[in-house]
1. Do you know which residues across region B:276-294 are more than 14 Å from residue B:227 (Cβ to Cβ) and buried (at least 23 other Cβ atoms within 10 Å of the Cβ)?
2. With the structure loaded, tell me whether residue A:140 is at pLDDT 95 or above, away from ligand 2 (no atom under 15 Å from the Cβ) and buried (at least 24 other Cβ atoms within 10 Å of the Cβ) or whether it fails that test.
3. Restricting to region B:280-339, what's the tally of residues that are under 17 Å from residue B:260 (Cβ atoms) and of a type in the set (S, T, N, Q)?
4. Looking at region B:250-321, what strands (runs of 3 or more DSSP E) fall wholly within it and have at least 1 residues that are of a type outside the set (Lys, Arg) and more than 8 Å from chain A (Cβ to nearest Cβ)?
5. Restricting to region A:29-49, name every residue that is within 14 Å of ligand 2 (Cβ to nearest atom) and either within 9 Å of chain B (Cβ to nearest Cβ) or part of a loop (DSSP other than H, G, I, E, B) (or both).
6. Identify all residues within region B:125-150 that are within 19 Å of residue B:36 (Cβ to Cβ) and at the interface with another protein chain (Cβ under 8 Å from one of its Cβ atoms); write none if there are none.
7. If you go through region B:99-139, how many residues are without any contact (Cβ under 8 Å) to a residue 12 or more places away in the chain and over 20 Å from residue A:99 (Cβ atoms)?
8. Do the conditions hold for residue B:195, that is, is it in a loop (DSSP other than H, G, I, E, B), in contact (Cβ under 8 Å) with a residue 60 or more places away in the chain, within 7 Å of another protein chain (Cβ to nearest Cβ) and closer than 20 Å to residue B:98 by Cα?
Amino acid sequence: MKIVVLAKQVPDTWSDRKLDLETGMLDRAVSEPVPDEISERTMEVALQFKDAHADTEVVAVSMGPEDATKTLRKMLSMGADSAVLVTDPVLAGSDVVQTAQVLAAAVERIGADLVLAGDQATDGRGGVVPAMIAELRGIPVLPSVDHVEISASEVSGVVQAESGALSVAAPLPAVACVTEKAAEPRFPNFKNIMAAKKKPLESWSLSDLGIQAGPEQASVRSVMVSAQARPEKQAGPKVTDDGTAAAQLVEFLAAQRLV
Amino acid sequence: MTEQNEQNRQSTASAAPILVLVEAVADGRPSSMAAELLGAASLVGVPVAVVTAAPGAGQGVAEQLGALGATQVLVAESEQAGAQLGSVQVAALAAGVGQFSPEAVLVPNTPESRAVAGRLAVRVNGAVCADAVGLRWADEEVIAQHSVFGGDFTSESTVEGGPRIITVRPGSISQRAQPVQAPQIHTATLELSQGAAGAQIREVSEHAPAGDRPALRGAKTVVSGGRGLGSAEGFGLAEQLADVLGAAVGASRAAVDAGYAAPELQVGQTGVSVTPDLYVALGISGAIQHRAGMQTAKTIVAIDKDPDAPIFEIADFGVVGDAFEVVPAVIEQIQARRSG
Ligand SMILES: Cc1cc2nc3c(=O)[nH]c(=O)nc-3n(C[C@H](O)[C@H](O)[C@H](O)COP(=O)(O)OP(=O)(O)OC[C@H]3O[C@@H](n4cnc5c(N)ncnc54)[C@H](O)[C@@H]3O)c2cc1C
Ligand SMILES: Nc1ncnc2c1ncn2[C@@H]1O[C@H](COP(=O)(O)O)[C@@H](O)[C@H]1O
């Protein structure tokens, strides 16, 4: 079985992430780019299957700037067999449809039985790219499953919907998106970090994929209209409890008409 | 870039149709997001609901949607409605795009439906504005408003050149549409011949009925507990205060991971985002990812033992103390105030 794990590089959620107010895009200069936590969890799901089924090949795939190799190296050191970065200057500023087209082309070239993705990236909370890839490839998608079961012929899981917990399944090939409940990512050990240095990490351009994409190519696209920073917030009083804090807090709530 | 004054310009709705995907829940009721999305649609145009149902089951839900503001309802009936996840919805919305040429298609940003938005964008050659928390009409088009990086920024986006598909964050829109007496109902039977198949739905296990507490999304008051409450039993402290305040209960990820609270109560970067009038944090340090889900609350109160906990940086009122001493006293005094 060949599993593609879609891994995204995002600004570190531990940092103060910023938007460039001119372009409405991420200000890459202010935050450290890191593998998205959900991508590490996704890789863990793939590796647990590989641990139990030795004939499994796990390929980490990312589309992003050249420095997204950092994320792919992390995936290799966790245990992926190989990695592919699709990177091309014309892809800068791609919207979700463009991103999905590129990733779908990469998935096709690799020839995956199963594509695993995170349900939502932490930089945008979009969560639509994997479903677009599924539609482009003409295969089913399992959206936001808490636990994933993988077998030789199908993938299944449970989606939390308002109507109830839906047990869903799809025959392979398919795309499945996992939530942060799916798995706790392992820490790469020294041996794997060393081994990762010898694993193949390829970089593909659009001409390697034989497609055209990116904002200039798109006839339909989403565009940013404006961006604004929220005004700084001032903290209010902070009292240390000496037995009267509860009374002061209730006074405060009453003054604000909150009780 | 739009100038600030333009951004604040009053948006007036157009006469353009806005398609709204309605999730149907058990016994054909519309989901709780239906009122919210129809309300959102009424901000920028005329709401047209799209709902899927098993053959013969559509009429009932269509009638309920008028009361929520749908002027027209497109009912897509299919044998596959309860059997395949999302496929009937994608086909129905694609048909609706053809029939109504809407200015926008609104889809709930829920685990169940956001994939529908993605698949639809590919099917009808559109693009997506993801996770909108507001909508406005300007320069003859629908603009989606977003709260980015946990509310540190707001941004606006739109789609140029094709169908505009907007996913809407649950609990973010307070506007409600005017009820419509007798919405026009169009019933269509859909064949699923086009596009990718959806996942098969094998089983639906209904959630245990929610108690009397308000839902977390959209709640006016939220009381959240963190790892500092120490145990599932200790977490009861947050529930007690919530009940006194008529509040919804939330939790930090650490509290969820420790099993003190149910996963759907998680507030933050990867949980629910809330903007209540009052947010009370008990034993929550206020890690940046937690703040990302609640820092836009109007008033924030924090009770934490650690005077250096980052939650105090954004608290309008902070108490450095033991929640197990402070909270019972707070409850007692609120009750005394009410009876006095
Ligand atoms: C990608 C990513 C996404 C994340 N998403 C989320 C998210 O959505 N939501 C979220 O919450 N976190 C999220 N986190 C985790 C986050 O970083 C923190 O680990 C988490 O919020 C900590 O929860 P906590 O404040 O309950 O626990 P802690 O940080 O352990 O804080 C517990 C607090 O309780 C106080 N305390 C202890 N005893 C008492 C007492 N008796 N009375 C009063 N105070 C007491 C302590 O002083 C301390 O400040 C995410 C992390 C990452 C990397
Ligand atoms: N540029 C990308 N490179 C690799 N994977 C991606 C990319 N964008 C999105 N994905 C995948 O899609 C998931 C959801 O991302 P998003 O749709 O951006 O919220 C991520 O967790 C990844 O698995």
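The values are calculated or read from the model by the stated rules, or taken from the named source; none is laboratory data. The structure presented is a predicted model; accordingly, all values stated were derived computationally and were not measured. Note that each Cβ is placed from the backbone with ideal geometry, even for glycine, and that neighbours are counted across all protein chains shown.
1. B:276, B:279, B:280, B:291, B:292, B:293, B:294
2. yes
3. 1
4. Answer list for region B:250-321: B:278-282, B:299-304.
5. Those that are within 14 Å of ligand 2 (Cβ to nearest atom) and either within 9 Å of chain B (Cβ to nearest Cβ) or part of a loop (DSSP other than H, G, I, E, B) (or both): A:36, A:37, A:38.
6. Of everything in region B:125-150, those that are within 19 Å of residue B:36 (Cβ to Cβ) and at the interface with another protein chain (Cβ under 8 Å from one of its Cβ atoms) turn out to be B:128, B:129, B:130, B:131, B:143.
7. Going through region B:99-139 one residue at a time, the tally reaches 2.
8. In short, yes.
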